[in-house]
């Protein structure tokens, strides 16, 4: 069974190739069947492989499938091979299943768009690259997937390429993430130079043997890899590209900018956990960055007008939680939140897309309103997704995953009261902005007429994801509520197990109660602010500050973008060339002067000869 | 003898094309195509033979050679010799040579015979440069490729061609003369030491030179080669020459002529002057990193598509300088790959620029835009080669940059870190090509056709190579390995790590 693994990423690549080469000539239906069908097959295979893996696990819960050696130079021989373990199983499950639902949805969503087959080609390429990323057994192949998903993100953000604004957003996404990628690449050079390998397992076993705990090299390696993770996962200070990435079609936001690609950084850190454990300072930095990001992005989400930008900032904020979990050493909690987040955030983006499509491509929530009874299914699924995001207690999956992170932020030896408080305050903000979104979008008076009504292909994925957003949490119940650590038990076969779990039931119960009350309190505040009162766009200085995402774009524009463009512009003609043209001009000038002496008048020549002779004689005589 | 044939076929083909081209231009085109094709077959034959002997132990210093006396009084021999490095570059030469004839099929309509004569003679000169094992012969071929290229730019170029061709000629000639002085210096030093006056590469190789003389002789060679490469600050002939040349000229300039500079560094500078080269390492790194970033910045500022691509060459060639002077196997192998990768990807971008210019008669990217909807195939190709240029994994350029930077890191961490910023810079200018040319809304309604069959053949061939070598670079790495070891031996680095653990090579797919 496991030998079919290679088909999982190859199927999407294959249908990408077909669509890219011949898609123009295909009827829309054929492109749809090929584009979504290939992902469906991959999902099916994943299911078969997953069942096979769990029922009959391979040795050490690790399975490697090697195809060929990519290259072999000076003992460095990364191969093209896939690596399956509980961690990658969770990721390929989410990628193929959520991916398939989003592909189904896209068939209807993109039906009338120009470039239908191009869209599916890019989406398939994305899924293939993302699968390669999480299945790679060495960091170089992982880097291939890493850059591949970045490319697809670029292509899909700029899918509607005729609008230059979309192109700019796409370029921004690629360039900002490439800054992180470059740090990561340097990290790879460091690993090659010091460990002589890029194979992940070899790195994880060699590093602790070669580098002492918190040594400079280990810290540098962890920091450089972290750079890549920050870019891809849109964490401070490289978060600015994600809100703009919303220029892409909604299914793209759901798949790439919520469920899968943006969590690649979380995957990378979890995958190379031994390096980070060797560098506790870096791990602390991750926790701090996570906490700071979740707050910064949470406040920004509070002030947005565009429905998708609210969700984008919310994504940044939720990934902040995952980083917080990674930072305090709760790797399984981070991965659990990744999975649950993929369910409810994909749901929210897809539902938001349905709203946008129905309201004639209106993005501004202040021009929506009053549609809750007009489109009940969209409303209810959106509500379920929101409840999960705001982690309403007990009934939503988001409660279980976020609560797990909050608990570890407090109880882990690497955690602290400050990190916990930041996470808790973030949860409060999350509940407020989530219900602000619900109240403004769906309640109140209707401002825009409904055009398109969503059909089956849009509704079915929404319902499935809504169910998952509710029940997904029950596979990992905390010590206080049944103590069923199925999920963490599975992934901790290969991840370091989270510290203290299931002990000190009373304390855990109190903290859960606090978290639950906080979420409900947030809901109540949102009710007071946005349902009892008529909401307004808000124009005061603080709101503008949050609206701009804390002015990061403003700052980067001034300290990076403009100076570089200025320098490039003034030097367009290459000042070095001036040196050579200067030499040429000097010779030309000299030539012009000498030409003047060529008069054709004999007496001038005679005088010249005489003067020359006199000067020469003088020199000879006196020297 | 087979090596001599490679050159003779091209030279004879060139003369024949010139003569018959007066009767019918098609004769000239077909004769050129056929003569390069014959060369290609010979090269493929050599390649296959070479692959078979790789695993044999004790490989001789040259794989094939031909040696006959030319001017025995001065110790000048007609000595052509080929090893893995030469083979790869000769293969690149015939490949790009074929494409150059194909892209000129419709573009060149004046003095077609003479055009093809020049084209073939340039190729002959380049193959000569890559195979000459006698320094006098090397210099001879260095000149052979220069003069026809001067004509190519000056006669069939664009608006500002005369200026560009002069500039190209003066830069190359002036720096070439320095090399001639250095060759003569080496010749006389070796002669006075041993009593044997010879230009033979292998004999000159072990010449003992005192350090300060060695430094100046090295500079003589090096300046000729870095002008050709080009490295900042000697690059300023390149944007003019590349921009003004006809498409085939740009392809040959970027794809092949620049490589002669890199080849010279690898073949002559480092083996002849190992100690001087080691002393020069930091300077070379600074020049390389500066070239990468400065070239990228200039590329970003350009509005002329060909000029943009030209400056991107400056940036890419910075990696070559970095790789060559890292003195380890990773980087040197990467450098060889980079030569191929840059030849293919930049060649492809110049070809695309040429195709666009044929269609819309401008190279100004500000008046392009929104072309994707009109010419999706061309757009896809533009995207692919822009991605190659920014080093996307899966394409061959990535392998090159990764190997070079990995090796360079082991030589100098700080300067490698700075050079790695080039990965960001190349992203910025490469995406700008895609954005400005193919994305956005159309500035003008160009009624233009997409790629025709001949153009699909050209771009298809380039695509296959760039993807294939991106996934299976070992084909080239195997060929260059022994040459790289020779270079490392010459600077006293013998501890070449070999395939210690090949356990991953076993294929578990069918289990």
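Separation of the range A:302-323 and the range B:208-244, taken as the distance between their Cα centroids, equals 54 angstrom.
A crude spin-label estimate for the pair residue B:421 and residue A:25, with each label 7 Å from Cα along the Cβ direction, gives 4.9 nm. Between helix A:417-442 and chain A there is an angle of about 80 degrees, using the helix long axis and the longest principal axis of the Cα atoms. Mean residue ellipticity at 222 nm, helices only, chain A: -23000 deg cm²/dmol; runs of at least 4 DSSP H residues each add -39,500 (n - 2.57), and the sum is divided by the number of residues. Ranked by the mean number of other Cβ atoms within 10 Å of their residues, highest first, the peptides B:100-111, A:343-354, A:612-623 fall in the order A:343-354, B:100-111, A:612-623.
The mean number of Cβ atoms from other chains found within 10 Å of a Cβ in peptide A:62-72 is 6, as a whole number. With a 10 Å cut-off around each Cβ of B:161-173, the average count of Cβ atoms from other chains is 1.
Please determine, in degrees from 0 to 90 and to the nearest 10, the orientation of helix B:413-433 with respect to the longest principal axis defined by the Cα atoms of chain B, where the helix direction is its Cα long axis. Rounded to the nearest ten degrees, it is 20.
Distance between the C-alpha centres of the range A:576-623 and the range A:175-192: 59 Å, rounded to the whole angstrom.
What area, in nm² and to one decimal, does the C-alpha convex hull of chain A cast on average over all directions? Please list the in-between numbers first.
Numbers: hull surface 168.0 nm².
Computing the convex hull of the Cα atoms and averaging its projections yields 42.0 nm².
Just to verify a number: FRET efficiency for residue A:537 and residue A:215, C-beta to C-beta distance, R0 = 60 Å, to 0.05? Efficiency computed from Cβ-Cβ geometry: 0.70. One equal scatterer on each Cα of the protein assembly as shown, no solvent, Debye formula: the resulting log10 I(q)/I(0) at q = 0.05, 0.06, 0.09 Å⁻¹ is -0.37, -0.52, -1.05.
As a calculated quantity, the FRET efficiency between residue A:1 and residue A:68 at R0 = 22 Å, using C-beta atoms, amounts to about 0.45.
Applying 1/(1 + (r/R0)^6) with R0 = 41 Å to the Cβ-Cβ distance of residue A:421 and residue A:575, what FRET efficiency is obtained, to the nearest 0.05?
Working from the Cβ atoms, E equals 0.15.
Going from the residue with the fewest nearby Cβ atoms within 10 Å to the one with the most, A:177, A:448 rank A:448, A:177.
At full extension, residue A:445 and residue A:548 could sit 34.3 nm farther apart than now, given 0.36 nm per residue minus the alpha carbon distance. Principal axis extents of the Cα atoms in chain B, from largest to smallest and rounded to whole angstrom, are 71, 57, 52. Compared with the dominant Cα axis of chain A, that is its longest principal axis, helix A:280-302 is turned about 80°. Placing a pseudo-label 7 Å from each Cα along the Cα-to-Cβ vector at residue B:110 and residue B:413 gives an inter-label distance of 5.9 nm.
How much length would be gained if the chain were fully extended between residue A:305 and residue A:565, taking 0.36 nm per residue of separation minus their Cα-Cα distance, in nm to one decimal? Could the numbers behind the result be given before it?
Working: separation 260, 0.36 × 260 = 93.60 nm, distance 3.06 nm.
Here the answer is 90.5 nm.
Cα centroids of the range A:66-139 and the range A:439-518: how far apart, whole angstrom? About 26 Å separates the Cα centre of the range A:66-139 from the one of the range A:439-518. Residue by residue along A:564-577, Cβ atoms of other protein chains within 10 Å of the local Cβ number 5 on average.
Arrange the following residues from fewest to most other Cβ atoms within 10 Å of their Cβ: A:314, B:175, B:133. Write down the numbers at each step before the final one.
Details: A:314 28, B:175 22, B:133 25.
The most exposed by this proxy come first: B:175, B:133, A:314.
Zone of residue A:585 (label point 7 Å along Cα→Cβ, backbone N under 12 Å): which residues in the range B:139-183? No residue qualifies, since no backbone N sits under 12 Å from the label point.
With a 10 Å Cβ neighbour count serving as the proxy for reagent exposure, in which order, fewest first, do B:326, A:38 appear? Before the final figure, lay out the partial values.
Numbers: B:326 28, A:38 25.
Fewest-to-most ranking of B:326, A:38: A:38, B:326.
Any read-out appearing in this document is the output of simple, stated calculations on the displayed coordinates, not a laboratory observation. Small disclaimer: the values here were computed from a predicted structure and weren't measured. Please note: Cβ atoms are built from the backbone with ideal geometry, for glycine as well, and neighbour counts cover all protein chains shown.
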